[in-house]
Amino acid sequence: MIGVGDMVLLEPLSEDSFLENLKNRFDHNEIYTYIGSVVISMNPYRSLPIYTPDKVEEYRNRNFYELSPHIYALADEAYRSLRDQDKDQCILITGESGAGKTEASKLVMSYVAAVCGKGQEVNKVKEQLLQSNPVLEAFGNAKTVRNDNSSRFGKYMDIEFDFKGDPLGGVISNYLLEKSRVVKQPRGERNFHVFYQLLSGASDDTLKKLKLHRDFSKYNYLSLDSAAVNGLDDAANFRTVRNAMQIVGFMEDEVQSVLELVAAVLKLGNIEFKPESRCNGTDESRIKDKNDLKEMCELLGIEQSVLERAFSYRTVEAKLEKVSTTLNVAQAQAKTRHKVMGVLDIYGFEIFEDNSFEQFIINYCNEKLQQIFIELTLREEQEEYVREGIEWTNIEYFNNAIICDLIEKNQNGILAMLDEECLRPGTVTDETFLDKLNTVCAEHQHFESRLSKNSKFLTDHSLPHSCFRIQHYAGKVLYRVEGFVDKNNDLLYRDLSQAMYKANHSLIKQLFPEGNPAKVNLKRPPTAGFQFKASVGTLMRNLQTKNPNYIRCIKPNDKKASHIFNESLVRHQARYLGLMENVRVRRAGYAFRQPYEPCLERYKMLCKRTWPHWRGPAREGVEVLMTDLQVPADEFAYGRSKIFIGNPRTLFFLEERRRQCLQDLAALIQKIYRGWKCRSQFLLLKKSQIVVAAWYRRYAQQKKYRNIKSATTVVQSYTRGWQARKLLRELKYQKRCEEAVTTISAFWHGTQIRREYRKFFRANAGKKIYDFTIQRIMQKYFLGLKSTMPYRFLDGVHTELRRIFHLWRCKKYRSQFTEEKKAVYEEKLEASEIFKDKKALYPSSVSQPFKGDYLEITKNPKYQKLSSAMEDKVLLADVVNKINRANGKGTARIFLLTKNSVVLADHKTGQVKVSVPLPDLSSVSVSTQSDGFFALKLKEGAASAVKGDFLLSSERLIEIITKLHRTGATAADGEQLDIDISDEFLVQFKHDKVCVKFVQGLPRNGNSASCKRKNNRLLEVSVPTTA
């Protein structure tokens, strides 16, 4: 290790050796040094390879003094104390501007994010906490003469953790943003980063929407001498900020609203006013060029006239009267309990050439932080030793409480007097405020002014008349009183807030809620100094409830250059930070202290006498514990309520023994749990085995029974087969015996007959052989004639013989027909004679048998009433469509054909609608196409012809017409029914004759023919063309 890592161990201890040790470590890139548990951080002004993931793992879960000093060691100690001991922590990062406080806070947060738990939700929270830094830096940091990334506001972040140590979220509090930097920057400094990032990194389309240009010189609020900063890439940082805003949770429209507001601020800086005199002698202001005002109003959604009036007028209310007065140019241009770890990154102590109200407030905050450091590390520690009865020699140190009282005392403090000046009636100026300070604070040893009653400053020419000087803990600071009153008032005229509230821009409305006319509050708002004092008080009370961890940042030089160590500058910082006093207190005191109860509760498992329960007082239990562990008596001391441990190694020893004991206890718990788990699993397996065995035995017995049954069946089948075969053999033997007897008998009879026939054969054998030979010769001769066909004169005879043979075969085939089948073929033959080659629908009906009664009217109970109404036998029953002449649409009807009449009945009810005697029919008309339409034409003067002819449609048209034709021919009068086949025919409807015309058309209504009325005299039937 280079030098001494912990200043408590430095020998000999002096201010020179202290600085020499810091310089030696700084020259070797060792920028961290300890004072006990306090970390001193030197700003290297360059990147060092000591923050890698390997370094994070190296310091993870390690004791504070185990490795070389590092900021990760302090962050790990704070995180483990919060996670394991349930103690809320705060990390206080202090130092001058440019000492590296912001970078230190980011390193602490990145380490905590790296070592805590994993998981999708946890990683999301960690990423949001880390990405909040770029957003806050863009809107709250700026380049100053001492720091290129100086925080111009105070930031305190409370990170909440659950019981496992995983982050749940965070709460960020900010203090005193330096608003005056927006309108004016000192020489060598520049405005907040976000303005330069927007103009450098935004796309051309974005700038066009925001009505901006990339040229910095076009905007009065942007200083040109320091616009470019070495090492800062504004364009890349803008992309980083945009990405961080999305991760933190900004929606796209919210990001656009923020950018529009930033653009509006730049436009606001370009608005200039010119003075004018009114007729009554008063001065007023007018805007010179209204182009920037117009663009600003377009961005914010405000009417130009409203904003222009708000810039130039203000309304004063007196009782019930309102008076609008004009503004002069100067006025117009001036205006579940969770574990918590807090990280404080606040502006450092500032001493500039020109120090104003902002520096005064910043330095007051640093005084308070120094005070809490003194109270918690120097004064309170020494007082605790005396209170606990520990032998102690008091160490002198400077207590800055007197400076804090000078600034914040309720009646005579500088802030109280400034508020009193702002609130009193009459003429109030910065000079009257300074006069009051000179009167009240003249005798204070830390206040200096040339106009005070103290004569020793009257000839001090380094002290101007309009200034006062305060001797802070970090040195003397000269404050220029100009602007104190206005900046403390921090007033915004009501006209401006109301104008902003009228904007259509949602973000502007949220920023100016006081502009709501319905919520006008006439009460004067609190001053900036009062608000900051209250917020600092709240911060101090918050810090005092947590266990503090300190990082004291020191800058090695004012040039912001690496490898340069300015001894006088570092000496000055070490003095006012009280580092030497801190070392002396740590060397003389004890490194660790803890009340007896939590100490015994934490380490009682290290001794058998105190584990698991100690029945006596807690102090006696701790004494027994320390005696049993054989800790040397000079390394600890007993106080009245606490035990004090001097050497950190003793604490490490206790923690290591506790860790080993916890491992043993964990192993014991695991052993008992595993035994219980194995026993439970064994009992479950045993129970399962019994169930499985029972089911298996059942299955085995069933299988055995099935095997026995199968074997028995096989034996029985073999036995029955043997018996059957035996019987078969016996039967076969009997049959063979019978056949043998028959064969012998046949052979015997044959022998007898052959003996008798032999005589006859000898007499007639020659004649039979001759006849057979002649027959074969003739057959061969005629077969030869068939191939040569020399006798053509026999062709006619041959054809006639074939015809006679065919008729004979047909007659023989018909002779096999029944009467019913014969009638069916006769109908088919008659249909062929009527429709063959005349009707396109006929070929499809040839293969379909004529059934006749398709409704089974005699069997169906639905038609029982209709069947009983029929006197004659029903020859045909089917459903047809009766065509309506009015619209060509069909209505379902039951079509019945008997020997004497045609009947049409209602399809649903079975009620008879029309009954037409067959003699009244004159003819039937059909088309030549493949449709099913037909017209029943009645004789003129017939009783049935009152309503005219019938136009019907049916899929079985061929069968209906054929049966009508046959039935009409066999009727009593014997008149033949005429069949008219034509694509155009007339139908008589009552007194009118209508022409029915059939045409070819495209398929519609499922490839069926459709009827449509064309006019009063024409019905057109469209028949789909067939392929």
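The values are calculated or read from the model by the stated rules, or taken from the named source; none is laboratory data. Treat the numbers as computed from the prediction; the structure is a model and nothing was measured. Positions of Cβ are generated from backbone atoms using ideal geometry, with glycine treated the same way; all protein chains shown enter the neighbour counts. For accessibility, only protein heavy atoms count, side chains too; no ligands or nucleic acids. Shrake-Rupley method; radii C 1.70, N 1.55, O 1.52, S 1.80 Å.
Details
- Taking amide H atoms as placed 1.01 Å from N in the peptide plane, the amide H of Ile643 lies under 5 Å from those of Gln594, Tyr596, each 5 or more residues away in sequence or on another chain.
- Average Cα contact separation per residue, the range 898-940, under 8 Å, 6 or more apart, as relative contact order %: 29 percent
- The listed peptides 925-933, 945-953, 670-678, ordered by packing as a protection proxy, come out as 925-933, 945-953, 670-678 (highest mean of other Cβ atoms within 10 Å first).
- Note on surface exposure: Glu189, Glu581 rank Glu581, Glu189 by accessible area, highest first, 1.4 Å probe.
- Cα pair distances exceeding 18 angstrom across the range 613-707, given as percent: 70 percent
- Two-decimal log10 I(q)/I(0) for the range 482-587, as the Debye equation yields it once each C-alpha is a single scatterer, q = 0.10 Å⁻¹: -0.64
- Across the range 81-184, counting alpha-carbon atoms alone, Rg and Dmax equal 15.3, 49 Å.
- Dipole axis of the chain (+1 Lys, Arg; -1 Asp, Glu on Cβ), positive-most option in Leu299, Ala499, Val714: Val714
- Shape of the range 707-839, Cα gyration tensor, a/c cut at 1.5: oblate
- Of the three principal axes defined by the Cα atoms of the chain, the extents in descending order read 186, 106, 67 Å.
- Solvent-accessible surface ranking, highest first, for Glu367, Glu514, Glu940, Glu15 at 1.4 angstrom: Glu940, Glu514, Glu15, Glu367
- Partners of Lys502 within straight-line reach, counting aspartates and glutamates whose Cα lies under 16 Å from its Cα and excluding those fewer than 8 residues away in the same chain: Glu298, Glu303, Glu308, Glu514.
- Restricting the range 790-869 to GluC sites (Glu not before Pro) in coil, as DSSP defines it, with at most 14 other Cβ within 10 Å: Glu856
- Partner lysines for Lys822 [C-alpha distance under 16 Å; skip if fewer than 8 residues away on the same chain]: Lys811, Lys812, Lys851, Lys963
- Cα lying deepest toward the dipole's positive end in the chain, options Ile35, Ser901, Thr432, charges on Cβ: Ser901
- Relative to one another, the C-alpha centroids of the range 98-139 and the range 224-263 are positioned 18 Å apart.
- Ordering of 468-479, 737-748, 843-854 by packing is 468-479, 843-854, 737-748, highest average first (other Cβ atoms within 10 Å, averaged per residue).
- Amide H partners (placed H, <5 Å) of Gly36, local residues excluded: Met7, Val8
- Rounded, prolate or oblate (a/c below 1.5 giving rounded, otherwise prolate when a/b exceeds b/c) for the range 977-1019 by Cα gyration tensor: oblate
- Exposure rank, largest accessible area first [Thr144, Thr1025, Thr432; 1.4 Å]: Thr1025, Thr432, Thr144
- Neighbour net charge for Lys899 - beta-carbon separation under 9 angstrom, K R +1, D E -1: 0
- Computed over the Cα atoms of the range 47-121, the ratio of the radius of gyration to the Kirkwood radius (Rg/Rh) comes to 0.97.
- Largest to smallest principal axis extent of the C-alpha atoms in the range 796-934, angstrom: 65, 34, 28
- Residue-wise HN-Hα couplings along the range 425-431, as the Karplus relation 6.51 cos²θ - 1.76 cosθ + 1.60 with θ = phi - 60° gives them from phi, are x, x, 6, 10, 9, 5, 5 Hz; Gly and Pro carry x.
- Partners of Lys839 within straight-line reach, counting aspartates and glutamates whose Cα lies under 18 Å from its Cα and excluding those fewer than 8 residues away in the same chain: Glu827, Glu830, Asp931, Glu955, Glu959, Asp978, Asp980, Asp983, Glu984.
- D (Stokes-Einstein, µm²/s), Kirkwood Cα radius, the range 160-290, 0.890 mPa s at 25 °C: 138 µm²/s
- Among Ala78, Val125, Pro861 - extreme Cα towards positive end, dipole of the chain, charges at beta-carbon: Pro861
- Charge dipole of the chain (Cα centre as origin; +1 on each Lys and Arg Cβ, -1 on each Asp and Glu Cβ, all else neutral): 11080 debye, rounded to the nearest 20.
- Å³ per residue enclosed by the Cα convex hull of the range 909-981: 107 Å³
- Amide H within-cut-off set for Arg286, under 5 Å, with H built and near neighbours excluded: Lys274, Glu276
- Semi-axis lengths, Å, the range 175-234, gyration tensor of Cα atoms, sqrt of 5 times eigenvalues: 20, 14, 12
- Above-threshold pairs, the threshold being 19 Å between Cα atoms, out of Lys155/Lys509; Lys859/Lys882; Lys409/Lys533: Lys155/Lys509; Lys859/Lys882
- Once you reduce the range 545-621 and the range 466-513 to the center of their Cα atoms, the two points are 40 Å from each other.
- Our helix-only sum for the chain, with -39,500 (n - 2.57) per DSSP H run of n ≥ 4 divided by its residues, gives a mean residue ellipticity at 222 nm of -15000 deg cm²/dmol.
- Peptides ranked, highest mean first, by Cβ atoms within 10 Å: ranges 79-90, 207-218, 703-714: 79-90, 207-218, 703-714
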